[in-house]
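Below you'll find the structure, written out as structure tokens, and then a few comments.
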Amino acid sequence: MDGYAWDGDHRWTLELVREWWRDRERILEYLRDQVHEWERYDRWIPNQRAVEGALDFAAYIAGGTDSGSVETDLQIYLYWLQERRSPSPADRLPEL
């Protein structure tokens with residue numbers, strides 16, 4: 001196995017995570033631009049729910065959903081990259 005899902009902690013750095021965060025508008029723009037395509041897929045394939053997934057992901061990036069926000073999750077990941085442990089509620093999370 002190889003790739004970000006398997007060895008991401010060796011590939012991602014604090015700066016790369018922060019760079020991804022700074023460039024998140026590009027991802028949101030892509031999601032907005034592709035919704036019309038995914039609407040077609042949803043009509044062709046029952047239960048595909050591509051539009052729903054894209055909109056949920058966009059909401060997660062843009063500011064959060066009931067299940068959390070990418071901003072907080074990335075701050076937790078930055079902490080992990082720095083400390084190699086999960087933060088406790090008392091720990092201060094790094095800035096993006």
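Data overview
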read-out	value
Within the stretch 27-65, considering residues that are among the basic types (Lys, Arg) and over 30 Å from ARG11 (Cα atoms), the one surrounded by the fewest Cβ atoms within 10 Å (Cβ to Cβ)	ARG43
Residues within the stretch 66-80 that are more than 12 Å from the chain's Cα centre (by Cα) and surrounded by 13 or more Cβ atoms within 10 Å (Cβ to Cβ), tallied	4
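Rule-based calculations on the coordinates, nothing more; no lab input. Being a predicted model, the structure only gives us computed values, none of them experimental. Neighbour counts are summed over all protein chains in view; Cβ atoms, including those assigned to glycine, are modelled from backbone coordinates with ideal geometry.
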